[in-house]
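The values are calculated or read from the model by the stated rules, or taken from the named source; none is laboratory data. Computed from a predicted structure; not experimentally measured. Backbone-built Cβ (ideal geometry, glycine too); neighbour counts: all protein chains shown. Accessible surface is based on the protein model in full, side chains and every heavy atom, while ligands, DNA and RNA are left aside. Shrake-Rupley method; radii C 1.70, N 1.55, O 1.52, S 1.80 Å.
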Amino acid sequence: MAAEDLPSQFDVVILGTGLTESVIAAACSRVGQSVLHLDRRNYYAGNWASFTFNGLLSWIEDYKNQQEVQITESEQVWRSLIDEGEDVVPLSTVDSSISNLEVFCYASEEEEKEEETKAPLTSCQPASEEPNSDSTEAQDTVTGDDATASDVQTQNEEQEVSEPKEEQHTSDISEPSQSQEEKESQATRSPADPPVEVEKKITYQKLVKEGRRFNIDLVSKLMYARGALVDLLIKSNVSRYAEFKNIGRILTCRNGKVEQVPCSRADVFASKQLTVVEKRMLMKLLTFCLDFEQHPEEYEDYSEKPFRDFLKNKKLTENLQDFVLHSIAMVTQQTLTEEGLKATQHFLRCLGRYGNTPFLFPLYGLGEIPQCFCRMCAVFGGIYCLRHSVQCLVVDKASNKQISRAVLITDRSVLSSESDQQISLVTIPPLESSAPAVRMVELCSSSMTCMPGTYLVHLTCSSSGTAQEDLAPVVSQLFHVSTIPGEEPLEGAEERSKPSVLWVMYFNMRDTSALDSSSYSLPSNVHVCTGPDSSLGSDYSIKLAESVFNHILPDEEFCPPAPNPEDIIYDGDGPQAEGPGFDESTNAEADKSQAEEEGEKSPSTESSEPAEVDSVTQQAPSDPTPSSEE
């Protein structure tokens, strides 16, 4: 649909396609509101997006090239269109939510032997020939039919799902031919001897060539099995648009050693790190935390004291205190006792719903989730326009917290196990009580986020400096970082046992979750959505979306279940029609009775009296006006 063909009035206008905005769009569209969803970017999900490796390189290049747009003649043109009695709220056209971005390549840049001779790559910068084809999202404008970017992406993904298996099979038969001496030496080898594996060096050119196998998230989060996001996905039927994988293990790093955290009853009794006494103490505490509200006398003396003090009072060893504080409750040293108990209780209640850990991860990356809600909005008539900047809002006359992020591509897991296809959550306790704990998520190739033979590692913490200053020491502690690209660690050195870093990106992302919407001088029908927060789950964003929806439509249900596609009745000549005669009414009485049985209004039915336009946009904490960045 061309821009000039768009309707001139909408019930709700939403700027930005992040998770919160996408949930609001889906909820409003589902209850019959006409929705226009805009994003100035050429991809969905904003700071929640996932990129292929080549797409991420293009995103990095765009970030470096962006410059503040000065007042131009075009701005004076739209200012001349403002009527008397109207005012404007200018919106920034530059993304200032990302800062301190640094990229380092440690993979060898030499040519692969089996490939044809090509010009050598001398830089880790993206090739300018492939900016659009490598983006995770492929569409510019989506109208009210079912053709969202998720559909296009899903078709591509279905073709790519089988590729890792094919590569694994071909690697089994692609070993170089052996000489007679090698065959004889193998014949004399005992059956107990492990097979000799020939490792292929992963070069930078290989990463670029296999770039479409990567799906790299800008923000690293997991989904609590009983969290607000999972509950909403199930309630709204949006979960059918995505696939998920459960997290296989929870790890922690203590004294430079990575070890598994026992969090379920079976894990506790099977643990080899804990003594018998520690197992009993830990089980007693976890059992208490499940229904701690029933025993207020146990913790009321510590209600105003840190959770760590309460754990010490329970006579837990330092080992157990670290397990509970950083890997189960996942709170800071300063967190109060009641908040720590609630976090531990939430963790324990999520255990067992979908596996032996409380977490799920969406295949193809976290960027799939906002796109799923965008698809639901489009199904019910929402109109999408990417690459459409909103320069201002026309109205009637009237702290800078950050997250440090690092994204790594490595050659093996931080803790080897029988299966190399596990998603791991690793917590790294702070060295000082005032420093933030670092959270690490290690993704394997079966999560559809990286190529076989590599791991995608996300590190996140609250910022105390630049991302590189905060996270580079952790990277050096857990991984081998070569001084020369492609350099191997010395034989027998301690670095030999560590995974090698092939590529790393550091950046800071602004966290505006602590801002109060009342601090903005905006009309009552303009609502501000914040970007991703620093927590592991997405409960904050879902609750914010529900709060904004209830302000806009207080009498409507938030995200009611969507009907199955075959049950949807399309009326009129709307964009949902899928073939000749599909939307033609052959029997008005039959259509009416069937619509009454469904009990739902047709998604393409337009309101005769459009409501006052509500706008959902985001604002930088340091800017006096809201922006459409997130």
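In the stretch 214-249, which residues have a backbone nitrogen under 18 Å from the label point lying 7 Å from ASP62's Cα in the Cα-to-Cβ direction?
Output list for this probe position: 214-219.
Please give, to one decimal in nm, the separation of the simple spin-label points placed at GLU111 and LYS305, each 7 Å out from Cα toward the Cβ.
With each label point 7 Å from Cα toward Cβ, the separation is 7.0 nm.
Give me the extension gain from ARG349 to ILE234: residue separation times 0.36 nm, minus the current Cα-Cα distance, reported in nm with one decimal.
39.7 nm
Past the 20 Å Cα-Cα mark, which pairs from LYS221/LYS401; LYS221/LYS272; LYS284/LYS315; LYS245/LYS284?
Table pairs above 20 Å Cα-Cα are LYS221/LYS272; LYS245/LYS284.
Between GLU297 and ARG265, what FRET efficiency comes out of the Förster formula 1/(1 + (r/R0)^6) with R0 = 25 Å and r the beta carbon distance, rounded to 0.05?
0.50
Pop out the carbon and sulfur fraction of the accessible area of the stretch 4-55 as a percent, whole number, probe 1.4 Å.
About 41 percent, which is the carbon plus sulfur part of the accessible surface.
Which semi-axes, in whole Å and largest first, does the equivalent ellipsoid of the stretch 264-350 have when worked out from the alpha carbon gyration tensor as the square roots of 5 times its eigenvalues?
That gives 20, 14, 12 Å for the three semi-axes.
With every protein chain kept in place and ligands, DNA and RNA left out, what is the accessible area per residue of the stretch 268-405? Probe 1.4 Å, answer in Å².
44 Å²
Of the accessible area of the stretch 264-350, with the probe set at 1.4 angstrom, what percent is carbon plus sulfur?
Exposed carbon and sulfur together represent 51 percent of the surface.
Using a 7 Å offset from Cα along Cα-Cβ at SER476, what residues in the stretch 434-461 end up with backbone N under 19 Å from the label point?
Backbone N within reach: 435-439, 459-461.
Can you compute the modelled spin-label distance between GLN421 and ASN255, with each label point 7 Å from Cα toward Cβ, in nm?
For the pair GLN421/ASN255, the computed spacing is 3.6 nm.
How many angstrom separate the Cα center of the stretch 396-458 from the Cα center of the stretch 305-381?
One Cα centre to the other: 15 Å.
LYS209: accessible area at probe 1.4 Å, nearest 10 Å²?
About 120 Å², ignoring ligands and nucleic acids.
Shape verdict for the stretch 205-281, please, from the Cα gyration tensor: rounded (a/c under 1.5), prolate (a/b greater than b/c) or oblate.
Since a/c reaches 1.5 but b/c is at least a/b, the shape of the stretch 205-281 is classed as oblate.
If you count only protein heavy atoms and use a 1.4 Å probe, how large is the accessible surface of SER535, to the nearest 10 Å²?
SER535 has an accessible surface of roughly 50 Å² with all protein chains in place.
Could you calculate the contour length gain from LEU363 to GLN334, that is, 0.36 nm times the residue separation minus the distance between their Cα atoms, to one decimal place in nm?
Full-extension gain reported as 7.0 nm.
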